Amino acid sequence: MKFEVKHPDKVLFPKDKITKEDLLEYYTLVASRILPLIKSRPIMMKRYVEGIDKSAFVQKQVPSYFPKWIDTATVKREGKSSIKMPLINSKDALLYLVNQGCITPHIWQSQSEELNCPNRLVFDLDPPKGGFSLAAEGAKFIREVLERDYKLKSYLMTTGRNGLHLIVPIKPDHPFKAVREFAKSVGGILESERPNEFTISPRKPKRVKRVYIEYLRNGYAQTSFAPYAIRATTKAPIAMPIGWDELKKGRSMERNAPSNLKNLEK
């Protein structure tokens, strides 16, 4: 490891007694899985320096005290100066960010080689409480549309809570605006077929008892949870990639990181 871990015994999940050392152990175990999926993607850091029950802060720009061996991407901002954002291109970089209180890396949908054109799109299916089975139905519907009409494959990931992310690898041939509009149109098909159960409207009154299909994560500089990332909430749930055959009606499939984290080595 290229850096010294400070305060490894600091408890970051008070109710679950999960320490910084536990988190570092977990991310060490899953590094070989997570790195290929987040490499070269700018990282938005939400830092819980004092633990998840204390106030956190969002940080996009690499601070001056970060080591030089952390790779960065220069990101343009409309009407503002460009900033340098961190990239997680090595296990040491992953662990360093965790050491800085970044429990859940949030990743861009594009990579540093072509920041303006995403190479994946995300459908975030956010159901009402107890509505996981409905989110699962929506995911299957969108998968069918993508395969039948566009020859696009899609993959599933639990959000660590009650919803699902449908992730679609694409070629980085189109700008964010076009990709976002495409995601909106596909989500709109499901909304038009089953308007009482699904909506693409971000307005909360429209989302009552419906699954919200969030397509806005496909905009420039928007982020989503990294696969295999631990969520900064009680029980330390994991944003876990799953197979379509694992999707069972009526189950949230929430997978948590226990305090010893050893069973996740499987």
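The values are calculated or read from the model by the stated rules, or taken from the named source; none is laboratory data. This is a predicted model, so every value here is computed, not measured. Note: ideal-geometry Cβ built from the backbone for every residue, glycine included; neighbour counts use all protein chains shown.
Sort out which residues of the range 107-118 are buried (at least 20 other Cβ atoms within 10 Å of the Cβ) and more than 17 Å from the chain's Cα centre (by Cα), and write them in order of number. Break it down into steps so the answer makes sense when it comes.
Let us first name the residues in the range 107-118 that are buried (at least 20 other Cβ atoms within 10 Å of the Cβ), namely 107-111, 115, 118.
Listed by number, the list holds a single entry, L115.
In the set (1) under 25 Å from Y27 (Cα atoms); (2) surrounded by fewer than 17 Cβ atoms within 10 Å (Cβ to Cβ); (3) at pLDDT 95 or above, S192 fails one condition alone, (1). Among the numbered conditions (1) under 29 Å from Q59 (Cβ atoms); (2) in a loop (DSSP other than H, G, I, E, B); (3) modelled with pLDDT of 85 or more; (4) of a type in the set (G, A, S), the only one that A183 does not meet is (2).
Every residue, every condition in (1) over 27 Å from M157 (Cα atoms); (2) loosely packed, with under 12 Cβ neighbours inside 10 Å; (3) not assigned by TED's automatic domain parsing to the domain that holds I83, yes or no:
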position: K17; (1), (2), (3): no, yes, no
position: K20; (1), (2), (3): no, no, no
position: L29; (1), (2), (3): no, no, no
position: S32; (1), (2), (3): no, yes, no
position: R41; (1), (2), (3): no, no, no
position: D53; (1), (2), (3): no, no, no
position: A56; (1), (2), (3): no, no, no
position: Q61; (1), (2), (3): yes, no, no
position: S64; (1), (2), (3): yes, yes, no
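Being crowded, with 22+ Cβ neighbours inside 10 Å and either within 19 Å of the chain's Cα centre (by Cα) or assigned by TED's automatic domain parsing to the domain that holds I238 (or both) is the requirement here; does P169 meet it? Against the criterion (crowded, with 22+ Cβ neighbours inside 10 Å and either within 19 Å of the chain's Cα centre (by Cα) or assigned by TED's automatic domain parsing to the domain that holds I238 (or both)), P169 does not qualify. Looking at this structure, is K153 charged (D, E, K, R), exposed (fewer than 13 other Cβ atoms within 10 Å of the Cβ), modelled with pLDDT of 85 or more and outside the structural domain of R41 (by TED's automatic domain parsing)? In short, yes. When the range 67-90 is limited to residues that are within 22 Å of Y26 (Cβ to Cβ) and buried (at least 17 other Cβ atoms within 10 Å of the Cβ), the one that is farthest from the chain's Cα centre (by Cα) turns out to be I70. I52 meets the conditions (1) of a type outside the set (K, R); (2) in contact (Cβ under 8 Å) with a residue 24 or more places away in the chain; (3) closer than 18 Å to Q111 by Cβ in every case but one. The failed one is (3).
Yes or no, residue by residue, for (1) of a type in the set (S, T, Y); (2) in contact with a strand residue (DSSP E or B) (Cβ under 7 Å, 6 or more places away or on another chain); (3) within 19 Å of E113 (Cα to Cα):
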{"residue": "T28", "(1), (2), (3)": "yes, no, no"}
{"residue": "S40", "(1), (2), (3)": "yes, no, yes"}
{"residue": "V49", "(1), (2), (3)": "no, no, no"}
{"residue": "I83", "(1), (2), (3)": "no, yes, yes"}
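Of all residues in the range 52-93 being aromatic (F, W, Y) and part of a loop (DSSP other than H, G, I, E, B), which is farthest from M1 (Cα to Cα)? Across the range 52-93, the extreme among qualifying residues is Y65. Screening Y212 against (1) among the hydroxyl-bearing types (S, T, Y); (2) in contact with a helix residue (DSSP H, G or I) (Cβ under 9 Å, 6 or more places away or on another chain); (3) part of a loop (DSSP other than H, G, I, E, B) leaves a single unmet condition, (3).
Within the range 101-122, residues that are closer than 13 Å to P86 by Cα have Cβ atoms under 8 Å from residues that are of a type in the set (G, A, S) and outside any loop (DSSP other than H, G, I, E, B) in these pairs: H106/S224; I107/S224; S112/A73, counting only partners at least 6 apart in sequence or on another chain.
One line per residue, one yes/no per condition, for (1) crowded, with 18+ Cβ neighbours inside 10 Å; (2) within 30 Å of L152 (Cβ to Cβ); (3) polar (S, T, N, Q); (4) modelled with pLDDT of 95 or more:
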site	(1), (2), (3), (4)
A93	yes, no, no, yes
L97	yes, no, no, yes
Q100	yes, no, yes, yes
P105	yes, yes, no, yes
R120	yes, yes, no, yes
F123	yes, yes, no, yes
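On the given criteria, is L35 part of a helix (DSSP H, G or I), within 20 Å of F225 (Cβ to Cβ) and in contact with a helix residue (DSSP H, G or I) (Cβ under 6 Å, 6 or more places away or on another chain)? Give the derivation first.
Working: part of a helix (DSSP H, G or I): yes; within 20 Å of F225 (Cβ to Cβ): yes; in contact with a helix residue (DSSP H, G or I) (Cβ under 6 Å, 6 or more places away or on another chain): no.
Criteria not met by L35.
Filtering the range 195-223 to residues that are more than 18 Å from E114 (Cβ to Cβ), surrounded by 19 or more Cβ atoms within 10 Å (Cβ to Cβ) and polar (S, T, N, Q) leaves only T199.
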